[in-house]
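This report concerns only the one structure given below.
Every number here is computed from the coordinates shown, using simple stated rules; none is lab data. It should be emphasised that the depicted structure is a prediction, and the values quoted were computed from it without experimental measurement. A quick note on method: Cβ atoms are made from the backbone with ideal geometry, for glycine too, and the neighbour counts reach across all protein chains shown.
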Amino acid sequence: MANIFDYLAWRGDITLAQSPFNAVDSLILSVLSYLPFDDMVRSTFDRKGVTIAEAQAAFGAHDAASLSIRSDVDVQLLAALAASARFATMRLTGYVSEHNEAKQEQFAAMSIRTGDGANYISFRGTDHSLVGWKEDFNMSFMTPVPAQRDAVSYLEQAARHLGGPLRVGGHSKGGNLAVYSSAFCGRKIQKRIVSVYNNDGPGFDESVIAAQGFRDIEGRLFAYVPQSSIIGMLLEHTEQYAIVHSVQKGIMQHDPYSWSVLGKEFVVMDTVTNTSLFIDKTVKQWISSMQPSQRAQFINALYEILAATDIKDITEPPTDWFKRARAAGEALRSIDNETRKALLETLRLLFHAARNNLSTYLPPRGDRADPVDR
């Protein structure tokens, strides 16, 4: 199956004037914000900005080892965009990136003048930092988290400085930030938003979905999840979502480079797999069985244990396991008895929810009829 690189090979020479902006373009620009453009794209909102081709040249002049790159494929994507007529002249501006352990926040965004009179506001998804993942988990008991507040502020600043219609999007947590900021920005700005793209990003709790601002943009929301989505099925969604075929398995389908593309559209399917439904139902039952304070206690305790190992990047090589394991053990022993009991009780609730759903969504393997979980 073809992916976004094949899309660029097929349609990279076709400008937006010849073929209007589409959902595949949105996914590409969502992924673009994963790249660290510090010192390459100005943090202020400049109507001129730098072109993608100029940004790629500046990126290539840096020592790759000194940059915090999520994936080498992101760098390959930047080079492909710089070589395409469709994307090379799009202009980047307003790049911001923040990691704040004290606030438990990981946030980054960038604005892109697409050349058709509109601006695309791209919110970065979760990176490899431990604090980034902690903030994601915080969403289960806290609204808004710091990144959501900053996303609203960023969208409003971008709108004030950049004229024209607005498209807002992101992948993973970035998709959640795109929806949240579009729902809770000022009404005048909201009216300028023509589309909001949530690419396999988690949903929201019911209080957010019930807000008037959320309902006001509902008709402009476009959500996409792979057939075995896990991240994108978390929490609650009210918007209709398209199910995109992925060539990967399980959690790896979250990788946007695994999503199948045909021409200028995604390859879509009729339903998510039983595996996705099982995880979705299990996690939602687990979360609903706990009070927000219980969720917070569980997540904070786990984070305290992991932080004690001095892991900053969840993808860092597994070195000095003995030292890290000892630090984790000491952190666990230092937790008070009440918190330790809460950890065990929370895990018990998770296993209970999984057992309840096992027979419904995961029948014996020989009887399974999952749609393409391979």
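Details
- Under the Karplus curve 6.51 cos²θ - 1.76 cosθ + 1.60, θ = phi - 60°, whole-Hz ³J(HN,Hα) for the range 194-204, x wherever Gly or Pro sits: 9, 7, 10, 10, 10, 9, 6, x, x, x, 9
- Shown here are the Rg and Dmax of the Cα trace of the range 4-272, at 17.0, 48 Å.
- Theoretical FRET efficiency, 1/(1+(r/R0)^6), r = Cβ-Cβ of residue 157 and residue 338, R0 56 Å, to 0.05: 0.80
- Taking amide hydrogens as placed 1.01 Å from N in the peptide plane, the amide H of residue 51 sits under 5 Å from those of 92, each at least 5 positions away in sequence or on another chain.
- Whole-Hz Karplus values for the range 149-156 come out as 4, 5, 5, 4, 4, 5, 4, 5 Hz, taken residue by residue from phi with 6.51 cos²θ - 1.76 cosθ + 1.60 and θ = phi - 60°; glycine and proline positions read x.
- In terms of the mean number of neighbouring beta-carbon atoms within 10 Å, the peptides 250-263, 146-159, 49-62 order highest first as 146-159, 250-263, 49-62.
- Karplus (6.51, -1.76, 1.60) ³J(HN,Hα), θ = phi - 60°, over the range 162-170, in Hz, Gly and Pro reported as x: 10, x, x, x, 10, 10, 10, x, x
- Applying 0.36 nm per residue to the separation of residue 220 and residue 44 and subtracting their alpha-carbon distance, the gain on full extension is 60.6 nm.
- The fewest-to-most ranking of 40, 1, 139 by surrounding Cβ atoms within 10 Å reads 1, 40, 139.
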